[in-house]
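Each value in this text was obtained by applying a stated rule to the coordinates, not by laboratory testing. Model, not experiment: these values are computed from the prediction. Backbone-built Cβ (ideal geometry, glycine too); neighbour counts: all protein chains shown.
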Amino acid sequence: MRKLIAGAFTTLDGVVQAPGGPDEDRDGGFRHGGWLVPYFDETFGRLMAEWTKRAGAFVLGRKTYEMFAASWPNATDPADEAAAALNGRPKYVASRTLTELRWNGSHLLGGDVAGDVARLKAQDGGELQVHGSFDLLQTLLRHDLVDALRIWQFPVVLGTGKRLFGDGALPLAFRLVESQQTAPGAVLHVYEREGRLRYGEVEVGQETRHFDEPQPPGARR
């Protein structure tokens, strides 16, 4: 059984849209593309490379796949381990429109993306990594297929744009297993899935209560 690890770059208000450049994703008239770039430094690049080279395979949405396929094959330095991983290891692509994939080692997922990913997870091998791929990630979260989240949070607020957790996300519980910070202020949080979401109630002078299900209005206390 292999784990699926999803990575994301997010602002303080949870926006993940177009972190790397003005024209990366202008859906909805988004005007803030490239908001991550001023915070890129050597530590950020090193940690990203270390993570990428641990992948056994990649699971990507169409937009991220096309963006990667247009650039990573041009990185041919044998010392670049991240490029070697992306260029040399399998890439599974969720798309309703692509019919042919030219990047080495690329495979189209079928119409049942969640089922296909579940079958990939059931195989032996290194971790499956999701980079970017907003629409795909929403599907994976709704089907509880994400084993860990690797979230880079940056000290900016945009107020508009696609959020990491979109409408319809399942209530899920995670636990923080790692945290690091770069000099410009980016913070890495790594969360692993941890069972069901739990609830509670606390009032001054009364015993704290925990319960496993949401409580209906007017529930007896």
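Quick notes on this structure:
- Between the listed residues Ser106, Thr43, Ala75, the Cα displaced farthest toward the positive end of the dipole of the chain, a dipole computed from Cβ unit charges relative to the Cα centre, is found at Ser106.
- The simple spin-label model puts a point 7 Å past each Cα toward its Cβ; for Glu213 and His107 those points are separated by 4.1 nm.
- Anchor Lys63: lysines whose Cα lies under 16 Å away (excluding residues fewer than 8 positions away in-chain): Lys91, Lys162
- Cβ charges +1 (Lys, Arg) and -1 (Asp, Glu), total dipole of the chain, debye: 380 debye
- Sites listed here are trypsin sites (Lys or Arg not before Pro) in region 79-147 whose DSSP assignment is loop and whose Cβ has at most 16 other Cβ atoms within 10 Å: Arg96, Arg102.
- Within region 64-104: Cβ-based charge dipole about Cα centre, in debye rounded to nearest 20 (Lys, Arg +1; Asp, Glu -1): 240 debye
- Rounded to the nearest 20, the size of the Cβ-charge dipole of region 64-190 about its Cα centre is 260 debye, with Lys and Arg at +1 and Asp and Glu at -1.
- Once exposed loop GluC sites (Glu not before Pro) are cut out (DSSP; at most 13 other Cβ, 10 Å), longest piece of the chain: 1-99
- Share antiparallel - DSSP beta bridges, the chain, percent rounded to 5: 45 percent
- Mean separation of Cα contacts under 8 Å (6+ apart) over length of region 4-198, as relative contact order %: 31 percent
- Of the trypsin sites (Lys or Arg not before Pro) in region 44-83, those whose Cβ has at most 14 other Cβ within 10 Å and which sit in DSSP loop: Arg54
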